[in-house]
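Taking it in order: structure first as structure tokens, then the write-up.
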Amino acid sequence: MTLLAVERIKLFSTRSPYWCSALAIVLGVGLTAIIAASTDNGQLTLGLTQFGSSQLALSVVLVMAALAVTTEYRFNTIRATFLAVPNRISALVAKTAVVAFIAGVLGEIIAFGSVGIAKVLSPASNLAISSGDQWRHVAGIGLLYGIGAVIAIAVGVLVRQTAGAVAILLVWNMLLEGLIGIIPKVGVKIQAWLPFMNANHFLQLSSDPAEMTGAGVDFKFSQWGSLAYFAGIAVAMLVVALVVAKRRDA
């Protein structure tokens, strides 16, 4: 518990979590507001309320998580951390737990905030969250953010440089996995195994195929299975990062 408290204090002693959280909320909820305002009253769907939260806001949260590690390497405070806590794995696991929890809470705020603003701007639209499918689509944003933060932490530990880690995460999440689909014959087959594609598959409203991402991709798992697969990749990356951090100089 002491390590968790220390990591929480360290995280919020910098400005980046505040700025990133504010930007993620503005992008996620703000984009929903724009969509709701530009859609005929009564025509907005629940799926559209999470358009910004599942892409733009997620990217900001990934950056926030990576910064939690890379700023320590940049200012060499990671050395003090490892001197105070010789067990590097414990220190990094505590940091990961704190950042992932905060990312998950932020995800829920953005997800339900988006639904709330949509109901205000488009009161005639049917935006009720009544089925398990709909709850997964909205509440699942927090799970996506939390697991994504673990991946971002792992990348930050492995790369250690802010620019490199941020570039990898943004290109990976927003560009690379989508571009792989244009590779003839094998592109969509590869996409079925990519982590963020599976994360998006988990969030899909199966009752509304028009709003489903990854069209043409033959996913190998159910939607909850895709989440488990996404989490498994995150854990595997974190384990690799912890082993590397333990073996190399701080």
Would you say ASN76 is closer than 19 Å to ALA154 by Cα and among the polar types (S, T, N, Q)?
yes
In segment 202-221, which residue that is in contact with a helix residue (DSSP H, G or I) (Cβ under 7 Å, 6 or more places away or on another chain) and not in a loop (DSSP other than H, G, I, E, B) is modelled with the highest pLDDT?
PHE202
Show the residue pairs that are 6+ apart or on different chains and have beta-carbon atoms under 6 Å apart, the first residue being within segment 14-33 and farther than 16 Å from ALA68 by Cα, the second being not in a helix (DSSP H, G or I).
LEU27/GLY52; GLY28/GLY52; GLY28/SER53; LEU31/GLY52; THR32/GLY52
Does ALA241 qualify as being assigned to a helix (DSSP H, G or I), under 14 Å from LEU194 (Cβ atoms) and modelled with pLDDT of 95 or more?
no
For residues that are outside any loop (DSSP other than H, G, I, E, B) and open to solvent by 40 Å² or more (accessible area, probe 1.4 Å), scanning just segment 32-69, find the one that is nearest to ALA149 (Cα to Cα).
LEU56
How about segment 70-85: which of its residues are open to solvent by 10 Å² or more (accessible area, probe 1.4 Å) and among the aliphatic types (A, V, I, L, M)?
ALA80, LEU83, ALA84, VAL85
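Hey, does segment 18-25 have a residue that's touching a Ser or Thr at 6+ places or on another chain (Cβ under 7 Å), surrounded by fewer than 23 Cβ atoms within 10 Å (Cβ to Cβ) and over 22 Å from ALA163 (Cα atoms)? Show your work before the answer.
Looking only at segment 18-25, we keep the residues that are touching a Ser or Thr at 6+ places or on another chain (Cβ under 7 Å), and these are none.
No: segment 18-25 contains no residue that is touching a Ser or Thr at 6+ places or on another chain (Cβ under 7 Å), surrounded by fewer than 23 Cβ atoms within 10 Å (Cβ to Cβ) and over 22 Å from ALA163 (Cα atoms).
The values are calculated or read from the model by the stated rules, or taken from the named source; none is laboratory data. These numbers come from a predicted model, not from an experiment. Neighbour counts are summed over all protein chains in view; Cβ atoms, including those assigned to glycine, are modelled from backbone coordinates with ideal geometry. For accessibility, only protein heavy atoms count, side chains too; no ligands or nucleic acids. Shrake-Rupley method; radii C 1.70, N 1.55, O 1.52, S 1.80 Å.
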